[in-house]
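Comments concern the structure below.
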Amino acid sequence: MKTLLNILAITSVIANFMFSQSNLSIVSQLGSANLSSSIQNGGDNQSRIEQVGDANESSVTDYGDKNLVTGAFFHAFNVPNSSFSFPAPMLGDGISQLGSYNKAAINQTGDFNKASIGQIGNDNAAVIFQSVNPVLPGNNNSGIDQLNGNENIFYHIQIGTNEEVFALQNGNNNYSHIEQYNLNSRSEIVQNGNYNNLYQYQFGSAENYNDGSYNISNAYLIGNSNYAYQNQVGKNNYSNIASIGCSNGTPGGEIKTSQTGNLNSASIEEGLLGNIDDNSASILQIGNINNAQISQESGNMNSAKISESTDNNKAKIVQTGSMNLTVILQK
Amino acid sequence: MNTKVYWLIAVSLLWLDFSFAQTIKSQLFDNISIEENLLKINYLVDNSIYLNIASSNIINSASVSQTGNRNEAFIEQIRGGDNKGNIVKVTQCFENNLTSINQSGVGNQNYITQSGLNNKTIADINGLNNNSVIIQEGTNNYISQKMESDSKNYYIAQQGANNLIIQEGNEAISKPYLISQKGTGMRLFITSGAIK
């Protein structure tokens, strides 16, 4: 009985339901094992959830346009020698969680929505769905997400045109998964730490899966032993992964890029700084008039592989170091 | 002489050696250029060679640059036809490097340069109207090139010591070629279908 009372004392549930426009929802919870849920049906709504403690859960569900769920912990990230241009720092609304074993979820359906989650701690999970209903694809969504700590998970799915995802993970053993469907999508992520995993996908629509065009995937990895995979289907797509090693004795990372379609470009840059060994990079391109480039500027025992099918493709590999392996297949 | 004079002489000798090496290197490597669909070689002052591929159309192009030791590059190109070819460019420096090329089709060209010790180039080229340029500078280097059918022409140059060239072909009529070896302990083996 005493245990039950203790659980009740530290557990609170807050749920907000709003069905009109221009509403503001603010939830602040201090403690552990709290649950917060906000549902907004309409337009121009704003949500903010702040949780300090461990094992908290929060979710925001928006149905409508121009809803705002922006995070409090987003900072501009200065990436050297990169074309990354993260938005300016945003203050105020959103889901912010300070602690460990927290979960945050945002589900938005409509156009011009914004979502952000800020998490500081370990073993956290953040999930953002924006217009994941293929019958009602959204447009111009911008998800801004940040996780600080180790063993964190980030999962983001967008369906629509002119979608944007900006993500930052600081720490080790983190996992990111970003999926974007339709045209003109942009996915940019920075992972700062070791043993991180990254998956970036950009495809066409559900009706025309192979026509994902004019998409951009950028990833910037700072650390060692990271794994990254980018996959694009369509034409006029661009993917880039840049990796910086830190010379701390751990082996380099494994990077893979796959593109299906025509007029695509892919580039992988490994070992921009430091002198990391045992990096692996591979690019697979199926289609015509594609361009692939792998640069492994430092370290030894690196491997680079480019496979290109059909015609008018270009492959370029630059390696500086010893005991490196290059394989180019053009068939 | 004091210490400064010794240092001055040492630096001067190093500079002379460096300049000499750069001169040799420029003779071997710097006078070769790939212009659009054209391999242009000015290795010999009075004898320029131009290797034209069969058509202005390039299907696939592959470029590899490796600076270091014990590097390996494997390139396979099998597209080609209707007078459209592939192009390969490989540059490797220092020791114990390996380049392996396998090309099939029509109108392919490759361009390989290696400098240093114990480097190997193995080229297997099949099809019609292919061109090949292989240049090595250094010691104990090895070139093995097999050009089947009616490849168009090839150019092989080695400079240094104890280098080896093995050229094989099965063409009925000998193709135009230029082989240049400068140094000591060089070996050359040519097998052609045109030579009975």
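The values are calculated or read from the model by the stated rules, or taken from the named source; none is laboratory data. All of these numbers come straight from a predicted model, not from anything done at the bench. Quick reminder, even Gly has a Cβ in these numbers, built from the backbone with ideal geometry, and neighbours come from all protein chains shown. Surface accessibility is based on the protein's heavy atoms, side chains included, excluding ligands, DNA and RNA. Shrake-Rupley method; radii C 1.70, N 1.55, O 1.52, S 1.80 Å.
When Cβ neighbours within 10 Å are restricted to other protein chains, what is their mean count per residue of peptide B:88-100? Could you put the intermediate results ahead of the total?
Working: counts 3, 1, 3, 1, 3, 1, 1, 1, 2, 2, 1, 1, 1.
Per residue, the average neighbour count from other chains is 2.
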- If each part is reduced to its alpha-carbon centroid, segment A:255-272 and segment B:96-139 end up apart, in Å, by 26 Å
- Label-point gap, in nm, between B:Glu171 and B:Met186 - each point 7 angstrom along Cα→Cβ: 2.1 nm
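Working with all protein chains in place, sort A:Asp211, A:Asp311 by solvent-accessible area computed with a 1.4 Å probe, largest first.
Values: A:Asp211 65, A:Asp311 40 Å².
My answer, sorted largest first, is A:Asp211, A:Asp311.
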- Task: Round to the nearest 10 and report in Å² the accessible area of A:Glu207, as given by a 1.4 Å probe over the protein chains' heavy atoms.
- Result: 140 Å²
- For B:Arg79, what accessible area in Å² do you get when you roll a 1.4 Å probe over the heavy atoms of the protein chains, rounding to the nearest 10? 80 Å²
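Suppose a student asked you for the relative contact order of segment B:116-163, using Cα pairs under 8 Å spaced at least 6 residues apart; what percent would you report? Mind dumping the intermediate values first?
Numbers: 93 pairs, mean separation 22.2, N = 48.
About 46 percent, as a whole number.
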- Please calculate the 1.4 Å probe accessible area of A:Met301, with all protein chains present, and give it to the nearest 10 Å². 90 Å²
- Message: If Rh is defined by the Kirkwood formula over all Cα pairs and Rg also comes from Cα, what ratio Rg/Rh do you get for segment A:239-331?
- Response: 1.00
- Give the ranking of A:Tyr181, A:Tyr214 by solvent-accessible surface, highest area first, calculated with a 1.4 Å probe. A:Tyr214, A:Tyr181
- Kindly flag which residue pairs out of A:Lys316/B:Lys182; A:Lys305/B:Lys146; B:Lys89/B:Lys120 have an alpha-carbon separation exceeding 23 Å in this structure. A:Lys316/B:Lys182; A:Lys305/B:Lys146
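At R0 = 51 Å, how high is the FRET efficiency between A:Leu24 and A:Ile289 if r is their beta carbon distance? Nearest 0.05 is fine.
Details: r = 50 Å, r/R0 = 0.99.
Approximately 0.50, to the nearest 0.05.
Could you sort A:Lys331, B:Lys175, A:Lys314 by their accessible area in this structure, using a 1.4 Å probe and putting the largest first? Write out the running numbers ahead of the final one.
Numbers: A:Lys331 85, B:Lys175 10, A:Lys314 120 Å².
Most to least solvent-accessible, the answer reads A:Lys314, A:Lys331, B:Lys175.
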- Item | Accessible surface buried upon B-A contact (total; probe 1.4 Å; Å², nearest 100) | 1800 Å²
- Message: Leaving out ligands, DNA and RNA, and with a 1.4 Å probe, what % of the accessible surface on segment B:88-149 is carbon or sulfur?
- Response: 50 percent
- Task: Calculate the spin-label point distance for A:Ala33 paired with A:Tyr209, positioning each point 7 Å from the Cα along the beta-carbon direction, and give it in nanometres.
- Result: 4.4 nm
